[in-house]
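Read through the structure below, which is laid out as structure tokens, and then see the notes.
Here, each number is a calculation from the coordinates, and none is a lab measurement. Model, not experiment: these values are computed from the prediction. Please note: Cβ atoms are built from the backbone with ideal geometry, for glycine as well, and neighbour counts cover all protein chains shown.
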Amino acid sequence: MLLTSSSLTQSERKFLIVWGTLLTLFFLIMGAFSLTKIYYLKSESNSRHVARLSSDTFENNQTAFERSLPEGSHPIKVQGGVYLDHIASISIADNTWSPVFYLWFKWTDDTINPGNNFNIIEGEILSKEKLKEFHKNGEHYEKFLVKAQITKYFNSLRFPVDDHVLTIVIEDGNLAWKDLEYIPDIDNSNISSRVKMPGFGFIKHNVFMKPHTYKTNFGDPQLTNKSNHATFSQLIFGLSIARDGFGFYFKIFIGLFAAVSISLLVFFIKPTDVDPRFGLGVGGFFGAIANALLSISFVADNGSLSLLDIVNNVAMITIFLTLVASTISLYIFDIKGRVRLSDLFDQVSFYIISIGYTLINVFIPIIGSTY
């Protein structure tokens, strides 16, 4: 055992034990904080996604919708469906995505035309082409090919093992829920095999109706004397996506892992060889900073502690610890003249720092990932 060397005094053995204990406790605390934070981010994301894809649950920090129609309401039923043909573009950094999809309506009332009045919520229709229509004996059918650009806040706190829900939200621009209610065409709504998103895999999709309540009546004279809000029926097509494996994760952090690995080599260099002993650690630290700046360029700044921040910070703290250990080892070797103690100090530092850093970075993507 390292600490039973006969060349060490009792106080030196105690010093190594204290140093090793402090290092171990430090990595346990840093690991517990990091992994707990990432688990919380994942749980919060999962809860938010479940609420977004539920027809009767509203998300936190959003206006609660009316769960039932006003008394005496008899809305016209309009069956609607969505077939996602392809995704023209997606940008997590710009918080946008552009779907191309087929949209159809079926209804039996001659007084409305849902194909003329529908809107894309949180987006804009780039083009709308009517491909087919059928009107006979009170039965109506219209099919459109729609190209849209939708603003989507991509929560990047778990990037690059993140998952997201993409939604296409259809709402009638004129008629409130009490006048028009969408009925989802579940059997015929789907996604095309041509839909591809490099780096992502599809988990599930769903189409459903969900009422949405606005905190205004838009000055509508029909509502002004009754309420100060308005509720509309929304036809929602939701698509869950998640990062496909850990390939992208390691591509982003390979430089960071290399920088930490290089900094750990200092423990195999004689403490008095100051240039390589400290130069490797300083070079690794600046390499970690460069990788951090590169990695955060992939996502929009969210102002919160993210998985990216945690991985980068753990690496920089680890490299800083190697520099601290090198300074202590140099003092023991050069000032105190205790060569054996300096050698054992380096060995203890290397094993604890390398094992602690490795374990934290093994569990971070496992806990943070959807799969």
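Note down the relative contact order for the stretch 62-243 as a percent, whole number, built from C-alpha pairs under 8 angstrom at least six residues apart. Provide the component values of the computation, followed by the final result.
On the way: 412 pairs, mean separation 49.9, N = 182.
Taking the mean separation of contacting Cα pairs over the length of the stretch 62-243, I get 27 percent.
Normalised by residue count, the stretch 1-150 yields a Cα convex hull volume of 210 Å³ per residue. Relative to the current alpha-carbon distance between residue 228 and residue 17, full extension at 0.36 nm per residue lengthens the span by 69.0 nm. On the principal axes of its alpha carbon atoms, the stretch 62-243 extends 50, 39, 26 Å, with the longest extent given first.
Subtract the Cα-Cα distance of residue 66 and residue 98 from 0.36 nm times their separation in residues, and report this length gain in nm to one decimal. Present the calculation step by step, with values, prior to reporting the outcome.
Numbers: separation 32, 0.36 × 32 = 11.52 nm, distance 3.01 nm.
Result for the pair: 8.5 nm of gain on full extension.
Taking the fewest neighbouring Cβ atoms within 10 Å as the starting point, the ordered list for 275, 162, 94, 85 is 275, 94, 85, 162. Across the stretch 179-199, the residues whose backbone nitrogen lies under 20 Å from the label position 7 Å along the beta-carbon direction of residue 125 are 179-185, 189-190. Computed from backbone phi with θ = phi - 60° and the Karplus coefficients 6.51, -1.76 and 1.60, the 3J(HN,Hα) list for the stretch 102-114 is 8, 10, 9, 10, 10, 8, 10, 10, 7, 8, 10, 9, x Hz; x is used for glycine and proline. Taking only the Cα atoms of the stretch 149-238, the radius of gyration and Dmax are 17.1, 52 Å.
From Cα pairs below 8 angstrom and at least 6 apart in sequence, can you work out the relative contact order of the chain, rounded to a whole percent? Relative contact order comes out at 20 percent.
When the alpha carbon gyration tensor of the chain is reduced to an equivalent ellipsoid, its three semi-axes come out at 61, 20, 15 angstrom, largest first. Measuring r between the beta carbons of residue 135 and residue 24 and using R0 = 56 Å, the FRET efficiency lands at 0.15.
Send over the Kirkwood Rh of the stretch 218-371, from the inverse of the averaged 1/r over different Cα pairs, rounded to one decimal Å.
On the way: mean 1/r = 0.0527 Å⁻¹.
When all Cα pairs of the stretch 218-371 are included, the Kirkwood radius is 19.0 Å.
For the chain, the membrane-span-like helices by this rule, meaning whole DSSP H stretches whose C-alpha atoms cover at least 27 Å of axis and whose Kyte-Doolittle mean is -0.5 or above, are 10-52, 274-296, 307-330, 339-368; this says nothing about an actual membrane.
Of the cross-linked pairs 106/152; 106/128; 106/130, which ones have a Cα-Cα span greater than 23 Å in the structure shown?
Numbers: 106/152 28 Å; 106/128 17 Å; 106/130 14 Å.
Beyond 23 Å: 106/152.
Take the Cβ atoms of residue 116 and residue 203, set R0 to 30 Å, and the FRET efficiency comes out at 0.30. The amide H of residue 203, built 1.01 Å from its N in the peptide plane, has 240, 241, 242 as neighbours under 5 Å, considering only residues 5 or more places off or on other chains.
Over the chain, dividing the summed -39,500 (n - 2.57) contributions of all DSSP H runs of at least 4 residues by the number of residues returns a 222 nm mean residue ellipticity of -13500 deg cm²/dmol.
Charges only on Cβ, +1 for Lys and Arg, -1 for Asp and Glu: so what's the dipole of the stretch 122-208 about the Cα centre, in debye to the nearest 20?
Values: 12 positive and 14 negative charges, 91 e Å.
Around 440 debye, computed over the stretch 122-208.
Counting only aspartates and glutamates at least 8 places from residue 147 when in the same chain, those with an alpha carbon closer than 17 Å to its own are 85, 122, 124, 129, 171.
Once backbone amide H atoms are built at 1.01 Å from N, residue 183 has 78, 79, 80 as its partners under 5 Å, excluding neighbours fewer than 5 places away on the same chain.
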